[in-house]
Amino acid sequence: MKRVFSFGVLCVMSAVFLSGCDDDKKGEVVGLSEQDSPMPGNAGRERTVDAPKPVERDDELDRAIRDATDSTAEHEYAVAKLYAERLKAGKAKVEQVVEWCKKAADKGYAEAQMTLAGMYYYGVELGRDSSRAKEWFEKAAAAGNREADYYLGLMYLMGDGIARDTAKGVEEIKKSAESNIPKAMGFLGNLYWEGKFGVEKDARIAQQWLEKAAKKGDITAAQFLGRIYYNGDGVEKNPEKAFKWYEKAARLGDPQSEYIVAMMCLKGEGTKENPEEAVSWLKLAAGQDHVGAMALLSICYSSGLGIKADAEIGRVWKERALKLQKEQEEKAATGNNPPSGEVTPGSGGMPKQGEL
């Protein structure tokens with residue numbers, strides 16, 4: 001006999017699921033971590049010392065460095081990108097990335113200038129330095145990179161490494177938006193929606209910019225549109241439009257939107273009720289460490305909702321969710337990033353898990 005669960009029951013089950021576990025077992029994951037084990041047949045053998053391994057050659061990097069000897073900025077930046085790839089794998093140093101990036105940037109190569117600016121702006125592998133970030137953003141903007149205008153606009157608005165000048169900040173962001181930079185269009189739409197930084201509030205213009213940004217692939221704009229249509233925030237409530245924009249953000253890979261789309265599929269809200277489709281979205285969100293998606297996916301497996309029942313897989317997702325939730329709560333307590341699925345004010349207006 002098919003088991004039927006109301007969506008409200010599922011939400012309650014999910015909440016209980018994440019809070020009702022014994023403290024001494026909470027966060028424990030059984031059978032998920034790989035541990036080293038001795039090779040069979042090695043007992044009693046004497047250890048031997050392996051001969052030193054030869055230094056691993058990197059032919060691709062060697063060729064790129066040779067190509068860069070003609071001193072073209074494009075070749076130098078290519079070397080910087082190769083070093084950046086190896087930095088992620090622990091096979092290079094950040095100084096090598098900066099060295100080759102700066103060679104290209106000093107020759108006026110805008111992409112290299114943006115990379116340096118971004119490294120200093122976000123503090124990626126380097127200490128955050130807003131003054132240096134501003135310097136390289138200005139050079140990139142002068143070289144014709146309109147995304148740089150957007151970042152300069154943010155810095156002027158916030159007085160970040162520069163004297164605060166909201167009029168100049170809005171001007172720079174408008175310049176970037178009018179050059180079809182998606183994040184600038186989305187941000188400008190938000191300014192018109194909320195009437196901030198001296199921009200006169202105008203919902204019609206706001207929606208125009210937000211929709212342009214979302215269509216160009218800006219996740220934050222798509223999320224924002226989904227939220228306002230779902231909640232009827234400044235517009236007539238429209239679940240179908242809400243689903244359309246959340247699905248847009250979900251298809252761009254945003255885990256929170258994947259989770260929301262899954263819940264709307266389960267409820268049949270703004271779209272046809274489709275538990276199987278919901279499970280597909282939950283798997284995508286859970287694969288990106290979304291705790292709520294993991295919890296609900298566990299319930300779906302345990303109850304056979306939208307997928308063949310499998311108590312063991314349900315248990316595994318439950319344990320993963322509890323472990324990740326505990327880690328996120330510890331990070332939140334130390335002032336680090338908020339847990340997955342939650343947002344901070346001003347980060348795009350996404351609803352939290354409990355809002356749906």
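The values are calculated or read from the model by the stated rules, or taken from the named source; none is laboratory data. These figures come from a predicted structure and were not determined experimentally. Every residue, glycine among them, receives a Cβ derived from its backbone with ideal geometry; neighbour counts consider all protein chains shown. Accessible surface areas use protein heavy atoms only, side chains included; no ligands, DNA or RNA. Shrake-Rupley method; radii C 1.70, N 1.55, O 1.52, S 1.80 Å.
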Exercise. Within region 271-282, track down each residue that is open to solvent by 30 Å² or more (accessible area, probe 1.4 Å) and of a type outside the set (Asp, Glu).
Key: THR271, LYS272, ASN274, SER280
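Can you work out which of the residues in region 216-247 that are of a type in the set (D, E, K, R) and in contact with a Lys or Arg (Cβ under 8 Å, 6 or more places away or on another chain) is nearest to LYS183 (Cα to Cα)? Give the steps one after another, and end with the answer.
The initial filter retains those residues of region 216-247 that are of a type in the set (D, E, K, R), namely 216, 218, 227, 233, 236-237, 240-241, 244, 247.
When the remaining residues are screened for being in contact with a Lys or Arg (Cβ under 8 Å, 6 or more places away or on another chain), the result is 218, 233.
Details: ASP218: 6, ASP233: 22 Å.
Restricting to residues being of a type in the set (D, E, K, R) and in contact with a Lys or Arg (Cβ under 8 Å, 6 or more places away or on another chain), the top hit is ASP218.
Residue by residue, here is whether (1) modelled with pLDDT under 95; (2) among the aromatic types (Phe, Trp, Tyr) holds:
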residue	(1), (2)
PHE243	no, yes
TYR246	no, yes
GLU277	no, no
ILE307	yes, no
PRO339	yes, no
PRO351	yes, no
Practice problem: For region 179-217, enumerate the residues that are in contact with a helix residue (DSSP H, G or I) (Cβ under 7 Å, 6 or more places away or on another chain), farther than 20 Å from TYR229 by Cα and of a type outside the set (Gly, Ala, Ser). | Solution: ILE181, PRO182, LYS183, PHE197, VAL199
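What residue, of VAL124, VAL97, is open to solvent by less than 50 Å² (accessible area, probe 1.4 Å) and either basic (Lys, Arg) or at pLDDT below 90 (or both)?
Details: VAL124 fails: open to solvent by less than 50 Å² (accessible area, probe 1.4 Å).
The unique qualifying residue is VAL97.
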Quiz item: Which residue pairs have Cβ atoms closer than 9 Å, lie 6 or more positions apart in sequence or on different chains, and pair a first residue in region 261-273 that is in contact (Cβ under 8 Å) with a residue 12 or more places away in the chain with a second residue that is among the aliphatic types (A, V, I, L, M) and assigned to a loop (DSSP other than H, G, I, E, B)?
Solution: MET263/LEU356; MET264/LEU356; LEU266/LEU305; LYS267/LEU356; GLU269/LEU356
Quiz prompt | Neighbours by Cβ (under 6 Å, 6+ apart or cross-chain): first from region 120-131, assigned to a loop (DSSP other than H, G, I, E, B); second hydrophobic (A, V, I, L, M, F, W, C) and surrounded by 13 or more Cβ atoms within 10 Å (Cβ to Cβ) | solution = GLU125/VAL94; LEU126/MET119
Quiz item: Which of the residues spanning region 84-96 are in a helix (DSSP H, G or I), more than 14 Å from LEU126 (Cβ to Cβ) and more than 21 Å from the chain's Cα centre (by Cα)?
Solution: ARG86
